[in-house]
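> Structure provided below as structure tokens; questions to follow.
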Ligand SMILES: Nc1ncnc2c1ncn2[C@@H]1O[C@H](COP(=O)(O)OP(=O)(O)OP(=O)(O)O)[C@@H](O)[C@H]1O
Ligand SMILES: [Mg+2]
């Protein structure tokens, strides 16, 4: 097995049946290696969130196969899938998906504790993650005492806590101002540099600019891809007219 | 870009000779706008003629040193204080290209847009990467230049999304009536989704 953390092979996802069926993804192939940062862009409804939920094992493909660290997700039981998700996958939901009755630190520590990490250690890791996203002082606040942008950062902290190898983020900067958003990109980039595979769904070109590769989705298909050139001479010519 | 004011601004720091000025300018702007030495000397001549700089002897190795005059200082302060006027409509080759593509039959406008999007995205990736490196070295002037390139490229990409959305709407209208000038390639099935992106 190579160092591919995430692999989609001919993945399709169709919602519903018959005349009302919606093909959200059609025969998508994508591989993301350890240390690689991939951004996914495309119009609303093009299948970006579908691609992410399938990659994180939150939904099942209707065709093809998704592999996480070489394990085909199709064959896993619900329990095995849940375990793999907690251990290997950090997921930032488009709508945060935080537990309102828990504090910020408890929300972040929860997946670690469920995975058997001692509470004190999980809590320490949670505080580290909250510091990384810039809100260490809010560790003991409940969700309904936080602004949208602050909740979003809790959701990001929950995804990066521990050493998870696959980080999937669905529009994680939507509720953030420009500078805070850049800080989050810095954090995601840092996770990739530490060896994680990172997939970011975004509408913001400036944030996709942080990725090694940008994949363009349209009507459920990957229609194009842009890879950084890492060639300083392009700075002088670039796309300038 | 005003070479004249840029050179005056550099001379405000300390007297310098031509090659030094060129080197300083390129260092501070990350060599984004290369200056040729001929331009530097012609500009210095004109500035001297206008009383903005004066010759200050040489450095012992045959380089003529220039220093700024009071009039030059006043000029450069005035330059900093004055907002930059937008060149009336800046000639944007991409905008011209798309405008023409839209009106000429048989041009795959969606293809033109996607090719540009890909190229602009690659530039954006490279600028962003350079910016990360610059941030580590704390090079403030270069950081500002990179930020300006990043935001300009972002604007271009947003504009491309907007054009695509606009085309989809236009094609829809065309379907129910008038001839769809050069837009027949647009897949009307995708219109709603593409418009969605444009209105977000
Ligand atoms: N549970 C579902 N049942 C039926 N259709 C669905 C479901 N989830 C998504 N879809 C459809 O699948 C397509 C892709 O949806 P998806 O959420 O992946 O888009 P997206 O690219 O994330 O859009 P956005 O940018 O608006 O978040 C859409 O046409 C959507 O309506
Ligand atoms: Mg979505």
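Nothing in this text is a laboratory measurement; each read-out follows from the coordinates by a stated rule. Since the structure is predicted, the reported quantities are computational estimates derived from the model, not experimental observations. Because the Cβ atoms are built from the backbone with ideal geometry, glycine has one as well, and the counts that use them run over all protein chains shown.
> Spin-label point model (7 Å from Cα, Cβ direction): what's the residue B:49 to residue B:100 distance in nm?
About 3.7 nm, to one decimal.
> Using a 7 Å offset from the Cα along the Cα-to-Cβ direction at both residue B:77 and residue B:158, what is the distance between the two label points in nm, to one decimal?
About 3.7 nm separates the two model spin labels.
> Using 1/(1 + (r/R0)^6) with R0 = 25 angstrom and r between the beta carbons of residue B:132 and residue A:113, what's the FRET efficiency to the nearest 0.05?
E(calc), rounded to 0.05, equals 0.15.
> In deg cm²/dmol and to the nearest 500, what is the mean residue ellipticity at 222 nm of chain A if only DSSP H runs of at least 4 residues count, each as -39500 (n - 2.57), divided by the residue total?
-10000 deg cm²/dmol
> So what is log10(I(q)/I(0)) for region B:1-123 at q = 0.15 1/Å, when the Debye sum runs over its Cα atoms only?
Log10 of I(q)/I(0), two decimals: -0.76.
> Give me P(r) over the protein assembly as shown, computed from all C-alpha to C-alpha distances, binned every 10 Å, as integer percentages.
Calculated P(r), rounded to whole percents: 4, 17, 23, 21, 15, 11, 6, 2, 0.
> To continue, here is another question. First check a/c for region B:93-177, with a ≥ b ≥ c the square roots of the eigenvalues of its C-alpha gyration tensor; if it is under 1.5, answer rounded, and if not, answer prolate when a/b is larger than b/c or oblate otherwise.
Because a/c hits 1.5 or more and a/b exceeds b/c, region B:93-177 counts as prolate.
> Is there a simple number for the mean count of other chain Cβ atoms within 10 Å of the Cβ of residues in B:36-47, and what is it? It would help to have the intermediate numbers written out before the result.
Numbers: counts 0, 0, 0, 0, 0, 0, 0, 0, 0, 0, 0, 0.
What the average comes to for B:36-47 is 0.
> For region A:4-229, what does the alpha-carbon gyration tensor say about shape, rounded, prolate or oblate, given a ≥ b ≥ c as the root eigenvalues, a/c under 1.5 as rounded, and a/b over b/c as prolate?
prolate
> I've got another one for you. Per 0.36 nm of contour for each residue apart, how much would the distance between residue A:71 and residue A:142 grow if the chain were fully extended, relative to their Cα-Cα spacing?
So the extension gain works out to 21.9 nm.
> To continue, here is another question. Can you give the FRET efficiency to the nearest 0.05 for residue B:143 and residue B:26, using r as the Cβ-Cβ distance and R₀ = 22 Å?
0.90
> For region A:10-85, rounded, prolate or oblate, judged on the Cα gyration tensor with a ≥ b ≥ c (square roots of eigenvalues), a/c < 1.5 rounded, else prolate if a/b > b/c?
Here region A:10-85 falls in the oblate category.
> Using a Förster distance of 56 Å, how high is the FRET efficiency between residue A:9 and residue B:84, based on the Cβ-Cβ distance and rounded to 0.05?
Working: r = 52 Å, r/R0 = 0.94.
For residue A:9 and residue B:84, the calculated efficiency is 0.60.
> Quickly work out the residue A:78-to-residue B:2 label distance, labels modelled 7 Å from Cα along the C-beta direction, and quote it in nm with one decimal.
7.1 nm
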